[in-house]
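The block underneath contains the structure these notes are about, expressed in structure tokens.
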Amino acid sequence: MGIQGLTSFIEANSQIYRDVQFRDSRLVVDGSNLSCHLYYTEGLDQTYGGDCAGYADLIERFIKALRGCGIQPYVVLDGGSDHTDKKLETKKKRDKALIQAAHEKSLGRQTWGDIMPLMCISLFRRTLFRLKVPVVQCFLEADQEVAALASEWQCPVLSKDSDFYIFDLPAGVLPIPHFQWEVAAQRGFVPCKIYTASSFCSIYNIQPRVLSAFAVLAGNDYVKLEDMGVSLHLGAHEKTRPANLGELLRRLRGFQEPQEALKAALRLMGEMSRQKKAEVLKSLSAGMEEYQLPPSALGRFFTDGTVPPLPPEDRALVSDWVRLPFTKGRLDKVILNVLRLRRVRLPVMVEHKSLPSSHLTSRPIRQVMYGLLLGDEEVEEYDRKGLQLTRCMVRSVCRGAARQLSLDSLDKLSQRVRVLMEALEVEPSCFQGVEPHLRLLVAVTCCWMQNASPPPHQHLLQALLLGLVTTHTSTGRTHTDTHTHTPLYSMWMNCCDVCVVALQVENRNAPPSLDQNVAHAFNQWHSCVMFSMQLNQLLGEPLPEPEGRLFHQLVHSLREGKQPERLLTSSSLKLYRTLLAAVEQARHQGTSASATEEAATADQGRGWELVTHGKGKKRGHQPKNSELGRRKKR
């Protein structure tokens, strides 16, 4: 993300940085950037569904290190895409590369691409909530808000996004790769490097105001010359990116204003018509606006709880009650993307190209969520088919109790539990004897058993339930330790501990190799969990939210004849049998009238399209009943 090649360029010219001993200060954190950096650089598992326990512990250690040095972090998260969705092409290219990387990982091969496991995306936020770290989620992408807040508070930004090298921040940027928080406990400060735009401009003898022109001419996530069919002709070194950036900086010397620099750059782009020049200049000028600092809307939220206003374009689309839970990070950004754009990009998961996307299993859950947000309208979903990025129009579903709800009053009505249960195709009677904090996970598991393809084997269900109920006999942690860990965190810890127990019982020193079918089955479960949690959040959490290496080792043990009872204590065995009975009851109840209707519509996506540079090519069949009626005016 950011300016193409700029980070490498600066690393090769390290005199731009200054060494500092950072302590006793506020710190504005680019949360979306930090969450990925921590996970990937620690080498946590990406193939088996995610090491949630290790990730949560890592986040705890990071925050503890900062607080031990008197550093108060304020974490700012990205929100939804704006109405122009100007980064869509960049995101599609990234998704195409990730799909290929995910397939390679499913084969056990090393690849450059990193895949953030589904549950770890929300776990970052939930761990920060538990640690009482101030967190805010922006309505739009966070870069400008992060920079504006840091400028107002005169404190640095922590990020590795090179876009922050363009903002003229008074206290500069602390690049995450040079932020040595691991040694902070021994030293009482964090050794790190600091970047300032003033240092950069002094070394390369350009005006700070011209940095925004440099950014768009170099190419960022919003503006790329090649996408406009033009290129800069800078001389003999054009084939090497660092030399290209150096030459571009040299040519920007002497300009006082960015518009002067852009007009001069047009003369280096070859012959163009007057109209083409005007189009290119307009696009470049619009790209420079991303580096203009607005007044900070976040300072008052952190100091006195004042919720930022919605962007003007959203006020006719988004109910006012959404602002507070969204700003607190209690609603996922997918909510705003559906309302604004009628579009959802489904996260890439590690799975073999020959298998269908695991997100197909959770589509009925998303359809209900779309219905609550949009009524009868369709939503454009981007997903995987084989190794191709595809798009599909998916119909919203409003049935049963959901017909009685509207977005404007969704936070106040009493039918929310019924809506959730109907979406997951579960009768409340199945919950007899199931503790409240496990009910959402049991309902999701029932939905997974009914919709997964192929139907999950009994060994998979047993392994999953074992992970949900096993206590931590070695550490004394149980699912009731909510003062220390959220239920989801404890659940993941249970799953990991059960894997260890299974290995100890079988005297195994290494996990079995990745089973593609097992991985695919549990990917489907993960997708159902993620979207059911988003639906539960939208409904105001009518069910308590639940907070691995996944269950591959357990499945391996069960396939070889290991009985689940041998891995459980007597108290855990009772809970295991209760959960198993609940799931089996849901399976044997058959298909209710509402479930039949849902199953009939679950796959009614209006045609698959192969995504190629923004243009769609029809692929596959179109379902018969695809007429969706008129769009609802909002």
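The values are calculated or read from the model by the stated rules, or taken from the named source; none is laboratory data. Given the structure is predicted, the values throughout are model-derived calculations rather than measurements. Quick reminder, even Gly has a Cβ in these numbers, built from the backbone with ideal geometry, and neighbours come from all protein chains shown. Areas reflect the complete protein model, heavy atoms only, side chains present, ligands, DNA and RNA absent. Shrake-Rupley method; radii C 1.70, N 1.55, O 1.52, S 1.80 Å.
Quick rundown of the values:
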read-out	value
Qualifying residue in segment 252-270 (condition: among the basic types (Lys, Arg) and crowded, with 17+ Cβ neighbours inside 10 Å)	no
Looking only at segment 29-69, and only at residues there that are in contact with a strand residue (DSSP E or B) (Cβ under 9 Å, 6 or more places away or on another chain) and among the hydroxyl-bearing types (Ser, Thr, Tyr), the one that is modelled with the lowest pLDDT	SER32
Options VAL183, VAL216, VAL210, VAL223: the member that is assigned to a helix (DSSP H, G or I) and under 27 Å from the mean Cα position of the chain (by Cα)	VAL216
Filter result (closer than 23 Å to HIS352 by Cβ and touching a Lys or Arg at 6+ places or on another chain (Cβ under 8 Å)) within segment 27-61	ASP45, GLN46, THR47, TYR48, GLY49, ASP51
Members of segment 14-44 that are surrounded by fewer than 22 Cβ atoms within 10 Å (Cβ to Cβ) and polar (S, T, N, Q)	SER14, GLN15, GLN21, SER25, THR41
Residue list for segment 125-135, restricted to those being in contact with a strand residue (DSSP E or B) (Cβ under 7 Å, 6 or more places away or on another chain) and either assigned to a loop (DSSP other than H, G, I, E, B) or surrounded by 24 or more Cβ atoms within 10 Å (Cβ to Cβ) (or both)	VAL133, PRO134
Filtered residues of segment 226-236 (kept if farther than 22 Å from THR7 by Cβ and over 35 Å from the mean Cα position of the chain (by Cα))	HIS233, GLY235, ALA236
Residue tally, condition within 32 Å of the chain's Cα centre (by Cα) and either among the polar types (S, T, N, Q) or part of a loop (DSSP other than H, G, I, E, B) (or both), over segment 256-297	8
Single unsatisfied condition, LEU232 versus (1) open to solvent by 50 Å² or more (accessible area, probe 1.4 Å); (2) assigned to a loop (DSSP other than H, G, I, E, B); (3) not small (Gly, Ala, Ser)	(1)
Those residues of segment 156-188 which are touching a Gly at 6+ places or on another chain (Cβ under 9 Å) and surrounded by fewer than 20 Cβ atoms within 10 Å (Cβ to Cβ), in sequence order	ALA185, GLY188
Residues satisfying the stated conditions in segment 189-205, i.e. open to solvent by 10 Å² or more (accessible area, probe 1.4 Å), of a type outside the set (D, E, K, R) and closer than 19 Å to ALA12 by Cα	ILE194, THR196, SER198, SER199, SER202, ILE203, TYR204, ASN205
Those residues of segment 80-102 which are open to solvent by less than 10 Å² (accessible area, probe 1.4 Å) and farther than 30 Å from PRO312 by Cβ, in sequence order	ILE99, ALA101, ALA102
Subset of segment 411-465 [crowded, with 23+ Cβ neighbours inside 10 Å, among the β-branched types (Val, Ile, Thr) and not in a helix (DSSP H, G or I)]	VAL426
Residue that is in contact with a Leu (Cβ under 9 Å, 6 or more places away or on another chain) and under 21 Å from LYS91 (Cβ atoms), where the choices are ALA215, ALA184	ALA215
Segment 363-406: number of residues that are modelled with pLDDT of 95 or more, among the small types (Gly, Ala, Ser) and under 14 Å from MET421 (Cα atoms)	0
